[in-house]
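**Q** Would you mind keeping the following structure in view while I ask a few things?
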Amino acid sequence: MKKIAIFVDVQNIYYTCREAYGRQFNYRHFWQEIRGQGDIVTAYAYAIHRGDDGQMKFQDALKHIGFEVKLKPFIQRSDGSAKGDWDVGITIDIMEAAASVDRVILLSGDGDFDRLLSHIHHKYSVETHVFGVMSLTAQSLMNSCQQFNAIDAQLLL
């Protein structure tokens, strides 16, 4: 049975699904689909902590499904911009998991992860799969993985 590690860039998936479809990603359906393909040994969902009730309920739902939720505080800068970037944390966790799994699944459309996926595939012979909204996923990310899975109506609420 394949050992699978899942890494979810929650903000990216939320905003791309909302922009493209006006709907939310169905994490429960996704989990059931992946669980049928092997043993999920690691599953991290990276989110920003704003402290509101709706977000806390969503994070509890992710935990109930089986994800370990990693939170960073939402930082509002004095110029009005915001910070809440998980790219380095996701990269470190993927690098640490890659040597001990058969498949890494990344949910993100962020092209910053393209070199990472190429690197772990060549270094560890791990399969790399990406789930993202087709029209909002960087071409370089699609090109860097072994399998790109377009998020469509079947994976939406």
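**Q** Tell me, what is the FRET efficiency for Lys123 and Phe148 to the nearest 0.05, using R0 = 22 angstrom and their Cβ-Cβ distance as r?
**A** 0.60
**Q** With a 1.4 Å probe and every protein chain left in place, work out the accessible area per residue of the chain in Å², rounded to a whole number.
**A** 52
**Q** Kindly state, to the nearest 0.05, the FRET efficiency for Tyr21 paired with Ser100, given R0 = 30 Å and r defined as their beta-carbon distance.
**A** The value I calculate is 0.30.
**Q** Please report how many Lys pairs in the chain have alpha carbons closer than 29 angstrom, counting only residues at least 8 apart along the chain or sitting on separate chains.
**A** Lysine pairs meeting both conditions in the chain amount to 16.
**Q** Also: With both bridge residues required to lie in the chain, what share of the DSSP beta bridges run antiparallel, to the nearest 5%?
**A** Close to 10 percent.
**Q** Would you calculate, for the chain, the mean residue ellipticity at 222 nm contributed by helices, counting each DSSP H stretch of 4 or more residues as -39,500 (n - 2.57) and dividing by all residues, to the nearest 500?
**A** After summing the helix terms and dividing by residue count, I get -12000 deg cm²/dmol.
**Q** If the elastic network links every pair of Cα atoms under 10 Å, which of Met56, Met95, Met142 fluctuates the most in the Gaussian network model of the chain?
**A** Per the Cα network of the chain with a 10 Å cutoff, Met56 tops the list.
**Q** Expressed as a whole percentage, what fraction of the accessible surface of the range 2-58 belongs to carbon and sulfur atoms when a 1.4 Å probe is rolled over the protein heavy atoms?
**A** That share works out to 44 percent.
**Q** Using amide H atoms built in the peptide plane, which far-off residues or other-chain residues are under 5 Å from Val69 H to H?
**A** Placed amide hydrogens put Ala45 under 5 Å from Val69.
**Q** First measure r as the distance between the Cβ atoms of Gln32 and Lys63, then evaluate 1/(1 + (r/R0)^6) with R0 = 22 Å and state the FRET efficiency to the nearest 0.05.
**A** So, using R0 = 22 Å, E works out to roughly 0.85.
**Q** Another one. For the chain, set up a Gaussian network in which alpha carbons nearer than 10 Å are linked by springs, and say which option among His119, His64, His49 fluctuates the most.
**A** Residue with maximal mean-square fluctuation among His119, His64, His49: His64.
**Q** Return the sequence-ordered ³J(HN,Hα) values of the range 53-70 in whole Hz as given by the Karplus equation 6.51 cos²θ - 1.76 cosθ + 1.60 applied to θ = phi - 60°, using x for Gly and Pro.
**A** 4, x, 5, 5, 5, 4, 5, 5, 5, 4, 4, 4, 5, x, 7, 8, 8, 10
The values are calculated or read from the model by the stated rules, or taken from the named source; none is laboratory data. Treat the numbers as computed from the prediction; the structure is a model and nothing was measured. A quick note on method: Cβ atoms are made from the backbone with ideal geometry, for glycine too, and the neighbour counts reach across all protein chains shown. SASA here: full protein model, heavy atoms, side chains in, ligands and nucleic acids out. Shrake-Rupley method; radii C 1.70, N 1.55, O 1.52, S 1.80 Å.
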